[in-house]
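Down below is the structure, laid out as structure tokens.
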Amino acid sequence: MNSFTFHRATGVDDAVRETTRHTGAAYIGGGTNLIDLMKENVMRPSYLVSVAKLPLAAIEALPDGGLRLGAMATNADTAWHEDVKSRYPLLNQAILAGASPQLRNAATNGGNLMQRTRCLYFYDLATPCNKREPGTGCSAIGGFNRIHAIFGASDQCIATHPSDMCVALAALAPTVRVSGPDGERSIAFDDFHRLPGDQPEKDNNLRPGELIISLDLPAKGFSKNFSYLKLRDRQSYAFALISVAAGLELDGTTITDARLALGGVAHKPWRDQEAEQLLIGQPATVETFARVAAQVVSTAVGQGSNDFKIELARRAVVRALKQAAEGSQQATDVFQNSNP
Amino acid sequence: MSTTNYIGQATSRVDGPAKVSGAATYSAEVHLPNLAYGYVVSSPIARGKITKIHADEVLALPGVIQVFSHENVPSVAWLDKKHQDQVAPGGSPFRALQSPEIQFSQQPVAMVMAESFELARYAASLLRIEYEQEAHETNLETQRAKGYEPGKGKTGYQPPPPPRGNPDKAWEQAAHRMEAEYVHGTQHHNPMELFSTTVDWHGEGKITAYDKTQGVFNVKNYLVGVFGLNKDDVRVVNHFVGGGFGSGLRPQYSVYLAVLAALELRRPVRLTLTRAQMFSFGHRPQPLQYVKLGTNPDGSLAALQHHVLHETSHFEEYTENIVTWSGMLYQCDNVKLGYQVAPLDVFTPLDMRAPGAASGSIALEIAMDEMAYEAGIDPLELRLRSYAERDQNQDKPFSSKKLRDCYHQGAAKFGWEKRTMAPGSMREGNMLVGWGVGGGVWDATQKKSAAKASITADGKLTVLSGSGENGAGTYTIMTQIAAETLGLPLEAVTYQLGDTDQPEAPLQGGSWTAASVGTAVQSVCQDLAGKILKLAQKQADSPLQDAKFEDVEFLNGQIRLRADHSQSVVIRDVLQSSGEAKIEADGSTTPNMPKQSQYSLHSHNVVFVEVKVDEDLGTVHVTRVVNAIAAGRILNQKTARSQVLGSVVWGIGMALMEETVIDHKFGRYMNHNFAEYHVPVNADIRDIDVIFVDEEDDIVNPLGVKGIGEVGMLGVTAAVANAIYHATGKRVRDLPITIDKLL
Amino acid sequence: MSEQTTPASGGAVAAPPPVGTVRLTINGTAHEVQLAPWTTLLDALREYLHLTGTKKGCDHGQCGACTVLVNGTRINSCLTLAVMHEDDDITTIEGLGSEDNLSALQQAFVDHDAFQCGYCTPGQICSAQGLINEGKAHSEHDIREMMSGNLCRCGAYVGILAAVQEVVNKK
């Protein structure tokens, strides 16, 4: 871990000002990802601006019927919030499928968006990595890339975004409210994270000094028909190989609205709006889901050790949509109800 | 008063309150003033040499004390022999910071010393080192041709026995046969406690090292040899080990570096490795295993061949017993076993829980399942048809073997008779259900051990033997043995371990501690009992006046005549009236070789596993396990059960998730952390039943114990793999069986 | 939460951060410790306050051995800086009960042999206490899942489940 100055921000303005005027400054919320990366020397901010205790932890109703999630609310407080549980159960399930109770208690909503890839090469200074040190090369291409991207990768980076929460958010499509040197602005969730392209060092589209203030969820929460399905190497406390967030609105058996996003597959939470359009107007049947799933993976590209993810993603999409349509078993763990 | 017959009871751990309250202190938790902190810098390359170390850049930082590297560390003992610990394989042990040569990725190349841990870590991150890289080779697949039969370098290694019968012809002519290659991932021990050493410096060449180790004497002898210290000036202490599983059998570079720093800096030092560095010193090797089996028309084994190749390092020749067990678990007259190693640019492998047997039993027991399906015989029945009544490897009878009882009791508990043979035939809703079986055999070993017992006039007994407590329950079972032998309440007994000032005990490994240290503890306590009896007999009008030692028993705080329980004395009264402040006994015990050498001494087990598999998604859950074990006498039902439960967790991990992945481009283990090296979590584990079958054995040792730390792991992994085959019809021979292999 | 800071290879060597007084309330006792901001709560407890019941198993939030309660909520003390907790009420294993006066949870761990080597145990117990405080775990499945942030390499999960379940059921 490098040497840094610690500053406890007194307000959002102070935080933004301090971060803007110090080169190498970074915000710290819960710290669960940043401190990890600092210990690995992957990130070396010279000035830490603590925003954890800013009054940004409220979860409150919005006039348009939506729900505002404060950026400094913890993942746990968000997941267990009554309004989240009842109106956005997909988000509740996705958050609880991620990390561990301890981490969720410390990690903030803003921080969840900011968490960085788990790419093994990104984390290990002994190996070249374009995301960590632009221009050095991508070791994951042709390397051990079991946990890497099948969508939207570039020849410079095949890393994935590791969040579960963000997959549900991608489906629910909130706006991300940020405050920066030029004031506040809102970013559509789908525009927040980015694909690696030729700038894999950039995870998102935040401008220098910008601080996430809140996530504003729209009114529609898909609370009746949803599923968050997470497939991983052990039953808990592991990053997703594939995860699927699905939300459906049904009129009888006809799909009237649909949301579909995948995790563990791309540099950003991977919402597939074409697939959503394909679902709308169709009967909620396995045949429909299979057709849509085939469409979802039609653009997937394997990297060797992650080739299996293409087929796994296809199957997971079918299962998640099926679970969502059934509206009964919203199990993130397929064994949850199997052996009481 | 409840009885003092403690052996075999489910006594709660005597060190339990210390462990659950945070009072138990581990090697990094000794508080010393003026501590200097070390932080190791690890090599990013697998082979080459260091050309320059820019130490002056970090030495300029206030609070940085020193940067140790090959450029400035003092020379140590020249002879390899001085560096070879008790369980070193043949070859030339790795010597940290003694040469610019890089022999494996993550090799320690420097150690930064600073006034705080954080500063040492920071300085280490800044240290620039230049390397000249050379081509490395870490892929065993490409080195198959380099395999050779190793020598007998390592303690405990038994080369496979010569072939018996005509294994090739018998296989060719067998009624049914199978052949297949099996492989499982490289594993790292990953005890929860990081390797750490705190060294107290008492003056020129005098130290106490608080080290994470499974053998304080092994470490002490190593330090004395390597640094040329006076053996009276070196003390090694370890009261609690936060898990070992074999990783602490050999002195690791952490203790070497910490002691080196303390001697050089002439002050106390603490060095703790990082979790990533826990992947830098020894692992369970990745064996390529080839098995051929054939059966006679009656389903008995006609032929068995098992050949293994695994890696070693370029500097040591690591060996483990992988194939030997295959020659003795089943009756078979035509057997050929082969064993080879090939050197790679990695650190030397290191014994890891049930070394050899854990790997060998995977191949053999999956092969047996394949054989059962080839022959159309129930997998358990197949095993019964080749039940070995005698150890054919050694051509000796077993001292005891209740494996048949394991089969029957385990199968009954599991409900095996309800199994239908065809793969995919046991569905439950959306889930495919599979039942599998596997098992194994492990050595029952007794090693020379010493102990000392002393009792004071107030009736408090203290027993010392420099063994270890890594979770196996050493404190508890030794307390039970001592208390029962002298008929004292547990509360009156203190057992102390983990200190080279105590009588010497063997390394804590091989499942031999209960048998070895237990026998020594029992023996010195019996000697002490004899002395107490003599004191009792000196008393006027002693009711035990003419009794011989065999005529009395020590029970419930009394000595009484076996023939007439009314004739008794209270032990504490005897001690108080004797005028002696303290009575002592010490000595050592060794195995009764003339008796033992006539027999094959082994423990056995069988494991039944149920899995549920999601057919579409390939997710597997082990929902039920029954592990039946024949391991002689069980000293403590509670701690023994826990050891077996843990073994099952290990077996499940090995089957489904554990694997250290090496990127051959870098010759480097890449998933060197707990996020990506997956060990089972609580949610992975469901119902586990443990059965200890009754097995009396007065040959293995006076206590009749065989040890249970390793045998419980055998067969678990294969049983999971076999259950997955039964559920899905997919035979996976490349473990761990991750989701991608079942799509 | 701003743009990523990537490490500069080589570059000027920055001086270590200065040490200052950090006020921590631990197990009901106020402490003043001289710390630099780069000291984690875990290292502050172990190396500066000699409260070594809290364990370091990975130092990266991947094992749970360092779990402590902050204002009654369980977190990984390795992934938080001590300076971030000046206003907090911190409870460690030492604050839950002592060797001679075990809490119900600690006693349940002993009774069910919910550990072997004991190294992950303080973290398991603090985590279980946090689970109880949260009040979200009701079934066996819930407990297993919500205790999955604590690795036990000895594999004592069966006993851990039994111990936690016993105390949860008594509530």
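Each reported figure results from applying straightforward, stated rules to the coordinates on display, with no laboratory input. Note that the structure is a prediction, hence the values are computed from the model and not measured. Heads up, the Cβs are rebuilt from the backbone with ideal geometry, glycines too, and the neighbour counts pull from every protein chain shown.
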### Query
Karplus couplings for segment B:372-377 from phi (6.51 cos²θ - 1.76 cosθ + 1.60, θ = phi - 60°), rounded to Hz, Gly and Pro as x?
4, 6, 4, 8, x, 10
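Mind checking segment B:51-144 for chymotrypsin sites (Phe, Trp or Tyr not before Pro) that DSSP puts in a loop (not H, G, I, E or B) and that have at most 13 other Cβ atoms within 10 Å?
Numbers: sites: B:68, B:78, B:94, B:104, B:117, B:122, B:131; in loops: B:78, B:94, B:104.
Filter output for segment B:51-144: B:78.
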#### Entry: Positive-end extreme of charge dipole, segment C:20-95 - chosen from C:30, C:83, C:45 (charges on Cβ)
C:45
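Please work out how much length the chain gains when fully extended from residue B:25 to residue B:146, using 0.36 nm per residue of separation minus the C-alpha to C-alpha distance, in nm with one decimal. Before the final figure, lay out each step's value.
Working: separation 121, 0.36 × 121 = 43.56 nm, distance 4.60 nm.
Fully extending the segment from residue B:25 to residue B:146 adds 39.0 nm.
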### Message
Which one, A:53, A:85, A:39, has the greatest fluctuation when you compute a Gaussian network model over chain A with C-alpha springs under 10 angstrom?
### Response
A:39
### Task
Only helical DSSP H runs with n ≥ 4 go in: add -39500 (n - 2.57) per run for chain A, normalise by residue count and round the 222 nm mean residue ellipticity to 500 deg cm²/dmol.
-8000 deg cm²/dmol
### Query
Based on Cβ point charges of +1 for Lys and Arg and -1 for Asp and Glu, what charge dipole magnitude is obtained for segment A:225-326 about its Cα centre, in debye rounded to the nearest 20?
440 debye
### Message
Taking the Cα centre as origin and putting +1 on Lys and Arg beta-carbons and -1 on Asp and Glu beta-carbons, what dipole magnitude results for segment C:20-95, to the nearest 20 debye?
### Response
240 debye
### Task
Would you grab the residues whose amide H sits under 5 Å from the one on residue B:184? Only those 5+ places off in sequence or on another chain, please, with H modelled 1.01 Å from N.
B:735
### Query
Which whole-Hz ³J(HN,Hα) couplings does segment C:22-28 yield from phi under the Karplus relation 6.51 cos²θ - 1.76 cosθ + 1.60, θ = phi - 60°, glycine and proline marked x?
10, 9, 10, 9, 10, 6, x
### Mean-position separation - Cα centroids, segment B:48-98 and segment B:311-341, in angstrom
35 Å
### Task
State the extension gain, in nm to one decimal, for the chain segment bounded by residue B:582 and residue B:333, taking 0.36 nm per residue of separation less the distance between their alpha-carbons.
83.7 nm
### Query
Which ordering of B:406, C:152 is given by a fewest-first count of other beta-carbon atoms within 10 Å?
B:406, C:152
#### Entry: Of B:358, B:406, B:567, farthest towards positive along the dipole that unit charges on Lys, Arg, Asp, Glu beta carbons give chain B
B:567
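When A:155, A:203 are ordered from fewest to most other Cβ atoms inside 10 Å of their Cβ, what list results? Kindly include the intermediate steps, with their values, before the conclusion.
Working: A:155 11, A:203 23.
Ordered by Cβ neighbours within 10 Å, fewest first: A:155, A:203.
What's the FRET efficiency of residue B:730 with residue B:387 using the Cβ-Cβ distance as r and R₀ = 30 Å, to the nearest 0.05? If you can, show how the numbers build up before the last one.
Working: r = 29 Å, r/R0 = 0.98.
Calculated transfer efficiency: 0.55.
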### Summary
Here the relative contact order (percent) of chain A, from C-alpha pairs under 8 Å and at least 6 apart, is 17 percent
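So how strong a dipole does segment C:104-170 carry about its Cα centre when Lys and Arg Cβ are +1 and Asp and Glu Cβ are -1, to the nearest 20 debye?
Working: 4 positive and 7 negative charges, 26 e Å.
That gives segment C:104-170 a dipole magnitude of about 120 debye.
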### Query
What nm value, rounded to one decimal, do you get for the distance between residue B:99 and residue A:311 when each label is placed 7 Å out toward the C-beta?
4.7 nm
### Sequence-distant residues sharing a close amide H with residue B:623 (under 5 Å, placed H)
B:610, B:611, B:612
### From phi via Karplus (6.51, -1.76, 1.60), per-residue ³J(HN,Hα) for segment A:78-84 in Hz, x at Gly/Pro
5, 4, 8, 5, 4, 5, 5
### Message
I'd like the distance between the alpha-carbon centres of segment B:663-710 and segment C:56-75, rounded to an integer number of Å.
### Response
25 Å
### Message
Roughly how far apart, in whole Å, are the Cα centres of segment B:614-645 and segment B:166-195?
### Response
21 Å
#### Entry: the protein assembly as shown - Debye-derived log10 I(q)/I(0), Cα point model, q = 0.04, 0.09 Å⁻¹
-0.22, -1.17
### Query
For residue B:494 and residue B:404, what does the FRET efficiency come to when R0 = 60 Å and r is the distance between their Cβ atoms, rounded to the nearest 0.05?
0.90
### Task
Starting from the Cα of residue A:64, step 7 Å along the direction of its Cβ; do the same at residue B:180; then give the gap between the two resulting points in nm.
5.8 nm
### Query
Which residues' amide hydrogens lie under 5 Å from the amide hydrogen of residue A:27, considering only partners 5 or more residues apart or on another chain, with H built in the peptide plane?
A:49, C:2
### Task
Sort B:157, B:495 so the one with the fewest other Cβ atoms within 10 Å of its own Cβ comes first.
B:157, B:495
### Query
For all pairs of alpha-carbon atoms in segment A:5-52, what percent lies in each bin of width 10 Å, listed from the first bin to the last filled one?
30, 55, 15, 0
### Query
Which residue, chosen from A:69, A:110, A:126, occupies the Cα position most advanced towards the positive end of the dipole of chain A, where the dipole is computed from +1 (Lys, Arg) and -1 (Asp, Glu) charges on Cβ about the Cα centre?
A:126
#### Entry: Förster-model FRET efficiency, 60 Å R0, residue B:135 and residue B:540, C-beta, rounded to 0.05
0.10
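Could you give the length gained by full extension between residue B:231 and residue B:696, i.e. 0.36 nm per residue of separation minus their alpha carbon distance, to one decimal place?
Details: separation 465, 0.36 × 465 = 167.40 nm, distance 4.19 nm.
163.2 nm is the gain from fully extending residue B:231 to residue B:696.
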